[in-house]
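Here's the structure we're looking at; comments come further down.
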Amino acid sequence: MHVASVPASTSADWLARHDLDYTRATNPDAARGDLAAGRVDAVVYDASLLRHEIQQNHRNKPRVPPLIPERQDYAFALPAQSPLRAAIGTSLLKRINAPDWKQRVGKYFGEH
């Protein structure tokens, strides 16, 4: 299988750690272009970003399989004494613990 990824990304690092060769794309859009043109069979990149792009712009085609080879966490970078830290933390906890959280994730990233 021929895959594309973006160099200097966590996905490219994962491929390199597992001695898997890949087509180097300049950015995620170029990788998706390689896929659409049939130059590669798959794109290895951040699943959440790919799902969002596909959900918003490609009517859920292609699809991102439910395979996550390595967990990736996300963060907000704020100054140490920022007054926004507590407000953002509280808001995030409320959102992810809300009964409709899975539906919200599905709306923005598609079902997976």
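Sum -39500 (n - 2.57) across every DSSP H segment of at least 4 residues in the chain, then divide by the residue count to get the 222 nm mean residue ellipticity, nearest 500.
On the way: 5 runs with 50 residues, N = 112.
Value at 222 nm, helices only, nearest 500: -13000 deg cm²/dmol.
If R0 is 22 Å, what FRET efficiency do you get for residue 74 and residue 1 from their C-beta distance, rounded to 0.05?
On the way: r = 28 Å, r/R0 = 1.27.
My answer for the efficiency is 0.20.
Straight Cα distances below 16 angstrom link residue 94 to the lysines 102, with same-chain residues fewer than 8 positions distant left out. The slack between residue 27 and residue 58, meaning 0.36 nm per residue of separation minus the straight C-alpha distance, is 9.4 nm. Values (1) 51, 31, 25; (2) 58, 33, 21; (3) 47, 32, 21 are given for comparison; Cα extents along the principal axes in Å, derived from the coordinates here, is the one labelled (3).
Using only alpha carbon pairs under 8 Å that are at least six residues apart, calculate the relative contact order of the chain and give it in whole percent.
Numbers: 102 pairs, mean separation 27.8, N = 112.
The value is 25 percent.
Dipole size of the chain about its Cα centre, with +1 on Lys/Arg Cβ and -1 on Asp/Glu Cβ: approximately 560 debye, rounded to the nearest 20. Cross-link reach is defined here as a Cα-Cα straight distance under 19 Å, omitting same-chain residues fewer than 8 places apart; for residue 107 the aspartates and glutamates meeting it are 46, 53. Ranking 57, 30, 5 by how far each Cα lies toward the positive end of the dipole of the chain (charges on Cβ) leaves 57 at the top. Since only 96, 15, 43 are under comparison, the one whose Cα sits farthest along the positive direction of the charge dipole of the chain, derived from C-beta charges on Lys, Arg, Asp and Glu, is 96. Using 0.36 nm per residue and subtracting the Cα-Cα separation, the extra length available between residue 85 and residue 19 on full extension is 19.8 nm.
Taken together, the values in this text are just the output of simple stated rules run on the coordinates, not laboratory data. Predicted model, so just to flag it, every value in this text is computed and none were measured. No Cβ is skipped: glycine too gets one built from the backbone with ideal geometry, and neighbour counts run over all protein chains shown.
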